[in-house]
Amino acid sequence: MKRLVLLGGGHAHVKVLADLADQPLARWDVHLISPYRRQIYSGMLPGWVAGHYPIEACAIRLDALAGRAGVAFHETSGLGLDLDGNTVSCADGSALRFDTLSVDTGPMPALGDLPGSAEHALPVRPIETFIATWPGLVDRILGQCRRFDLLVLGAGAAGIELAFAIQRRAATEGWSHLFITVMGSEDLPLPGAPDSTRRHAARLLAQRGIAWKGGNRAIRLEAGRVHLEGGALLSFDACIASTGAAAPAWPAACGLATDERGFIRVNRSLQSTSHPNIFVAGDVAAYSDTRPKSGVFAVRAGPVLAKNLRAFCEGRALDAWTPQARALYLISTGDRHALATWGRWSWSGSWVWRWKDHIDRQFMRRFGTAA
């Protein structure tokens, strides 16, 4: 019997598992490798921090979904590939052979160029690590009577949403001694968004008492302070890093074709450009049509990946996929208010948050395995 291995439990693989639950893949042995039994839906993580959702409402049970699909679940991480022997090497010491492989492992935090970040910053990814560490940070905040300075490095959507979420939690629970600063390298937050949205976000930060330090680039972290380009220093009690996505080292090391940043190159059928029996989706992929690293594209890739994996295993023609040029981005601002952007268009208000909440909950209900 031939074997299909799903490496990683990302958004696209959730759709693959749901597809296999609806229709098993005849004469194929399917396995899922993931270090976690659940997948936290990243779009709802700020809502959990803000206090809008319990963590269970943000989690999809990968083990339960795999069980429904008849897929063997391996709770471990993939460390690398042997492309000659078609095997995945795992952190638990096992090696899993494959005939066809699909990779949806997500990115690494982009902290390789920031010395001291491993010791002195809490990265948002891996999300499970952040979730496990967050209660300890809350205890530190509550345990300090004097002013507590929290620095958020990174002014993209993830960093901005998190800053607003923490401010909302602080306002709700009376953390009056908490002061939040967001730092970004550009003059305004949310690079890539319409200028009107970026200005609106900056105004909201000021209204909520969140300090904005734009036009600053961190070059080194030490205990309690960050060194900036130009020689300035900024002190902090805790630092959260949300500085974008970096590729893991193993794809390039094992011989897969990658782009200049180390992400796995795929064609429009989501096949590796160097190894056609390997499919890739999500942030670890370098798509033929360049797109931002965003869960939006991982979710949209899911149906195409599920269809093409089945077609490849059954010897049928594959479909091509061109990610949409524009994507809808919904950015929560902590207090059941959100910003929306679509190309040059932008909106904001409580109705946008209700829209986002509806979309997020609908996504979770679709898979019906919340932890």
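The values are calculated or read from the model by the stated rules, or taken from the named source; none is laboratory data. As the structure is a computational prediction, the values presented were derived from the model and not from experiment. Neighbour counts are summed over all protein chains in view; Cβ atoms, including those assigned to glycine, are modelled from backbone coordinates with ideal geometry. Note: areas computed on protein heavy atoms with side chains; ligands, DNA, RNA excluded. Shrake-Rupley method; radii C 1.70, N 1.55, O 1.52, S 1.80 Å.
So if I check each of 70, 8, which one is open to solvent by 50 Å² or more (accessible area, probe 1.4 Å), at pLDDT 95 or above and either touching a Pro at 6+ places or on another chain (Cβ under 7 Å) or at positive phi (or both)? It would help to see each step written out before you state the result.
Details: 8 fails: open to solvent by 50 Å² or more (accessible area, probe 1.4 Å).
Testing whether each residue is open to solvent by 50 Å² or more (accessible area, probe 1.4 Å), at pLDDT 95 or above and either touching a Pro at 6+ places or on another chain (Cβ under 7 Å) or at positive phi (or both) leaves just 70.
Scan the range 241-287 for residues that are open to solvent by 10 Å² or more (accessible area, probe 1.4 Å), in a strand (DSSP E or B) and out of contact with any Ser or Thr (no Cβ under 6 Å at 6 or more places or on another chain) and jot them down.
Scanning the range 241-287 gives 245, 246, 258, 271, 286.
Considering only the range 32-54, state which residues are closer than 13 Å to residue 6 by Cα, open to solvent by less than 20 Å² (accessible area, probe 1.4 Å) and not hydrophobic (A, V, I, L, M, F, W, C).
Kept after step one, since they are closer than 13 Å to residue 6 by Cα, are these residues of the range 32-54: 32-35.
Filter again for open to solvent by less than 20 Å² (accessible area, probe 1.4 Å), leaving 32-34.
Hit for the range 32-54 is 34, nothing else.
Sort out which residues of the range 202-218 are in a loop (DSSP other than H, G, I, E, B) and polar (S, T, N, Q), and write them in order of number.
Looking only at the range 202-218, we keep the residues that are in a loop (DSSP other than H, G, I, E, B), and these are 208-210, 214-217.
Selection gives 216 alone.
What about residue 221, is it in a helix (DSSP H, G or I), closer than 25 Å to residue 164 by Cβ, open to solvent by less than 50 Å² (accessible area, probe 1.4 Å) and not basic (Lys, Arg)?
For residue 221, the condition - in a helix (DSSP H, G or I), closer than 25 Å to residue 164 by Cβ, open to solvent by less than 50 Å² (accessible area, probe 1.4 Å) and not basic (Lys, Arg) - is not met.
Which one of 182, 226 is assigned to a strand (DSSP E or B), under 21 Å from residue 330 (Cα atoms) and open to solvent by less than 20 Å² (accessible area, probe 1.4 Å)? Can you show your working first?
Numbers: 226 fails: under 21 Å from residue 330 (Cα atoms).
Just a single option satisfies the conditions, and that option is 182.
Could you tell me whether residue 328 is farther than 26 Å from residue 209 by Cα, among the hydrophobic types (A, V, I, L, M, F, W, C) and in contact (Cβ under 8 Å) with a residue 40 or more places away in the chain? Before you say what the answer is, go through the steps one by one.
On the way: farther than 26 Å from residue 209 by Cα: yes; among the hydrophobic types (A, V, I, L, M, F, W, C): yes; in contact (Cβ under 8 Å) with a residue 40 or more places away in the chain: no.
So residue 328 fails the test.
Quick one: in the range 229-240, which of the residues that are part of a loop (DSSP other than H, G, I, E, B) and within 26 Å of the chain's Cα centre (by Cα) is surrounded by the most Cβ atoms within 10 Å (Cβ to Cβ)? Quick ask: steps written out before the conclusion?
Of the residues in the range 229-240, the ones part of a loop (DSSP other than H, G, I, E, B) are 229-232, 236-237.
If we keep only those that are within 26 Å of the chain's Cα centre (by Cα) too, we end up with 236-237.
Numbers: 236: 22, 237: 17.
Among those residues, the one meeting the criterion is 236.
Give the residues of the range 331-354 that are free of Cβ contacts under 8 Å to residues at least 40 places away in the same chain and in contact with a Leu (Cβ under 7 Å, 6 or more places away or on another chain), sorted by residue number.
338, 340, 342, 352 - these are the residues of the range 331-354 that are free of Cβ contacts under 8 Å to residues at least 40 places away in the same chain and in contact with a Leu (Cβ under 7 Å, 6 or more places away or on another chain).
Please work out if residue 198 is assigned to a strand (DSSP E or B) and among the charged types (D, E, K, R). Let's see the steps before the verdict.
Numbers: assigned to a strand (DSSP E or B): no; among the charged types (D, E, K, R): yes.
The answer is no for residue 198.
Contact list please: Cβ distance under 8 Å, first residue in the range 263-274 and within 22 Å of residue 316 (Cβ to Cβ) and in contact (Cβ under 8 Å) with a residue 24 or more places away in the chain, second residue open to solvent by less than 20 Å² (accessible area, probe 1.4 Å) and of a type in the set (Gly, Ala, Ser), pairs at least six apart or on different chains.
Listed by first residue and then by second, the contacts come to 270/281; 270/285; 270/301.
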